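Here's the structure, in structure tokens; my notes come after.
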Amino acid sequence: MDFKQDKQTFTFSDQDKQFKLMVITPEIIRVFEDHGETGPSYAIEGDKQIKTEINVTSNEQQVELKTAALNIVVDHDLHLNVYDRHNHALVLDYVGKRIPLDRGINPEQEKLAASEGHEVNEATAGQQIMTIKTLADDEQFYGLGDKTGFLDKRGYEYDNWNTDNPDPQVESFKALYKSIPFLIGVKEGHPYGLFFDNSYRSHVDLGKESSNYYYYSVAAGNLNYYIIGGKTLKEVVTNYTYLTGRVPLPQKWMLGYQQSRWGYSVSQKEVTRIADNLRANDLPCDVLHFDIDYMDGYRVFTWRKDTYADPQKFITELKEKGFRVMPIIDPGVKVDENYWVYQEGVKKGYFVKNPDGSIYVNRVWPGDAVFPDFARKEVRDWWGKNIKYLVDLGTCGVWDDMNEPASFNGPLPQNIVFSDGEKPATHAKMHNVYGHEMAKATYEGLKKNTGKRPYVITRAAYAGTQKYSTVWTGDNQSLWTHLQMMIPQLCDLGLSGFAFAGTDIGGFGADCTPELLTRWIEAAIFSPLLRNHAAVGTRAQEPWVFGEPTLSIYRKYLKLRYHLISYLYDRFYHESKTGLPIMRPLVLNYPDDCKVQKMNDQYMVGREFLVAPVLMAGQTARQVYLPAGEWLDFWTGAEYVGKTTIVVQAPLAKLPLFIKKNTILPWDKSRNHVDVTAHDLMTFRLYGDHGSYVHYQDDGTSFAYEQGQYNLYEVKMSEQQFSIKVSYLGYDKPYKRIRLISDQTEQTYRFDKDSQSYEVEA
Ligand code: GLC
């Protein structure tokens, strides 16, 4: 069979089609069918290809390429089949024909149904660029970034088109704010990844149309995808994040609690009321979010003067009370001849254009607005410089919103002219990467202006945005179904590289109830981004507004979170090396346990915690499945042997929480905000009889760790003996004292400068 080889690239062709296979690493291959589109990948930066040994054999019927991990077969009809090295099928081309779903409706019925507003036969028309793969009976799907529905995506279809839709987001929603076309499949127990790197609107059907196949189709551009192997689900995630990048180490305080509401920042007085209530009620909190109301007429990079005497002074005062200020920024720049951001952007040609060359105008919060063309470096640099205004006021980061881009005067037409790198491209191509490029501009601007690890939150994203920004899941509502959805949604985001994510606790839209707020803070307490946020005009949902017992319960869980900040920070340290999420579905840790493969109502944190929140109104007990191993009830210490389902009583104040027996954890002292530099005393707790733990410490804010300024500690308990080893010492503030605690014993150690090690304190 004919094919061409150029180093690690193989070209296959017949009369009808041609495609290339590129071996990127032994575990990653790229499939590329050229449809004439050019331009960079927005997800993948830098050259990821590594020199790889490939064993090539061919005969009349097929060509076989073998790497150390994958066995790739192309037959004479140009079907592509990929197996793992033990020849287990992973991704196989479907050889039959696609048969669109028969919805049993005739044109007349369709018209009739439509007159009552029902959408039927929703078109995925015009998406001729497609690949169809064989579906096994037991195949499960995970990932796909930020979608509604359940952990296993099989049986559903989704669109990748960044969408701001304020309706209650339920499992029939096809698209949300982010497009992360990364799918994890598990076929007969063997995992693989598929990453479709094309920013045009795309569609996936995961066995809804047929139980024989699944497919991906895209409106335009090249068929450009990566098949990703790995012996385990974890390895697939690690390989995918090798390609698209990992969440960088955050500043430590970003892991603290954050309070938000659209409306607070209307005045200094209102923000002061919130800050004072948090402290008066002994509620730990690190960040106050400033929504659009702080701006002067919703003009980005301005601060209103009527209700703020001196924003800089105010922000300094808040900082002294332990609060940082996180302002929102939208991409839409107000059309206003007397406003410098607009003036400058117009003068320099920084806004996206109509096909006739005039500046494109739509409507967002400030009224008529224009949209920066973020994919141009010059525009990103300009945005970054504008961010200096906020940095100089003392704010702690930037919350990027409305960057799908959202618009109030109908969607942006497909032919609006954006840039793709330095050359023109259509909105159709750039829509899904607009938020990504804005987040990148924000990250780079913050990094340049502060020298610290940037804190960016974005609503819209594309695959790879995790390198620049944390994300939240947008406008959920105060609904029990949205509390339920939080677990699969954050777990699938985590499997898609977005290890730093959260939902609006208590729900953004609609009115919260005390019970829902209580269960939400319990369920979310390990969510990497921990922020209570609500829409203007909804019932207030700050932790104190419902009185007791809501307040005390809320406080109890925030205090637990603050004991575990260093533990979560350790998880981020490991994540930055492996791409593995902090909050994760049980299936990631126990892939062979069929009880957890579709589990939506429990999650794990690292390998240590198992969280089984109550997610239903009125419920005060629930079943908890404990996978293999020995487990301890976190609250009572009761022991369980896993692979069992137990019933746990869970009155309102109780989050069913379990910890793997024989775990050691860092345990921070109680405080009302994260003190990044505290190094007088660190405590570790042992749960069980023995264990070991690696702890990471650095200055908590800067990039000095990249130059080796960090410490690693190995804490052990074996045969009733504690030990601490400093396995790496690069940061000049090792803990002065370390305390180790178990049920039976307690021991304190003191750092000895001469020996650079810890010695038992007398
Ligand atoms: C969008 C955001 C929301 C924010 C609001 C006002 O709806 O998703 O979080 O509060 O805009 O800025």
- Message: At 222 nm, what value in deg cm²/dmol follows for the chain if DSSP H runs of at least 4 each add -39500 (n - 2.57) and the sum is divided by all its residues, to the nearest 500?
- Response: -6500 deg cm²/dmol
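Report in % the part of the accessible area of the chain that belongs to carbon and sulfur, leaving out ligands and nucleic acids; probe 1.4 Å. Let's see the in-between values first.
Values: 14130 of 29120 Å².
Here carbon and sulfur together make up 49 percent of the probe-accessible area.
Shape of the stretch 605-762 from its Cα gyration tensor (a ≥ b ≥ c, root eigenvalues): rounded if a/c is under 1.5, otherwise prolate when a/b > b/c, or oblate? Can you show the working numbers first?
Working: a/c = 2.46, a/b = 1.80, b/c = 1.37.
It comes out prolate by the Cα gyration axes.
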- Message: So for the chain, averaging the separation of alpha carbon pairs under 8 Å that are six or more residues apart and normalising by length, what relative contact order in percent results?
- Response: 11 percent
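Would you mind checking the pairs 97/133; 377/467; 252/388 and listing those with alpha carbons more than 19 angstrom apart? It would help to have the intermediate numbers written out before the result.
Numbers: 97/133 11 Å; 377/467 17 Å; 252/388 22 Å.
Distance filter (> 19 Å) returns 252/388.
How many Å² of accessible area per residue for the chain, probe 1.4 Å? Walk me through the intermediate numbers first.
Working: 29120 Å² over 762 residues.
The answer is 38 Å² per residue.
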- Of the GluC sites (Glu not before Pro) in the stretch 15-124, those whose Cβ has at most 15 other Cβ within 10 Å and which sit in DSSP loop: 45, 53, 60, 116, 119, 122
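Which whole-number value in Å³ per residue fits the convex hull of the alpha carbons of the stretch 93-191?
Details: hull volume 14.1 nm³, N = 99.
Expressed per residue, the convex hull around the Cα atoms of the stretch 93-191 is 142 Å³.
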- Item | Cα shape, the stretch 468-558, gyration tensor, a/c 1.5 rule | prolate
- Can you list the trypsin sites (Lys or Arg not before Pro) in the stretch 525-601 that are in a DSSP coil and have 16 or fewer other beta carbons within 10 angstrom? 539, 595, 598
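Roughly speaking, what is the stretch gain from residue 392 to residue 38, that is 0.36 nm per residue apart minus the C-alpha to C-alpha distance, in nm to one decimal?
Working: separation 354, 0.36 × 354 = 127.44 nm, distance 3.97 nm.
Going from the current span to full extension adds 123.5 nm.
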- Item | Net charge of Cβ neighbours under 15 Å - reference residue 74; Lys, Arg +1; Asp, Glu -1 | -3
- How many percent of all Cα-Cα pairs in the chain sit more than 54 Å apart? 9 percent
- Message: Using a 7 Å offset from Cα along Cα-Cβ at residue 755, what residues in the stretch 685-702 end up with backbone N under 15 Å from the label point?
- Response: none
- Message: Pairs of alpha-carbon atoms within less than 8 angstrom and 6+ residues apart define the contacts here; what relative contact order does the stretch 304-460 have, in percent?
- Response: 26 percent
- Task: Determine, for the stretch 646-761, the count of lysine pairs separated by eight or more sequence positions (or lying on different chains) whose alpha-carbon distance falls under 20 Å.
- Result: 11
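Check each of the trypsin sites (Lys or Arg not before Pro) in the stretch 211-320 and keep only those in coil by DSSP with at most 14 other C-beta atoms within 10 angstrom; list them in order. Show your work: numbers first, answer last.
Numbers: sites: 231, 234, 246, 252, 261, 269, 273, 279, 299, 304, 305, 313, 319; in loops: 231, 246, 261, 304, 305.
Those satisfying the criteria are 231, 305.
The values are calculated or read from the model by the stated rules, or taken from the named source; none is laboratory data. All figures in this text were calculated on a predicted structure; none of them were measured in a lab. In this analysis, Cβ positions are derived from the backbone assuming ideal geometry, glycine residues included, and neighbour counts consider all displayed protein chains. Accessible surface areas use protein heavy atoms only, side chains included; no ligands, DNA or RNA. Shrake-Rupley method; radii C 1.70, N 1.55, O 1.52, S 1.80 Å.
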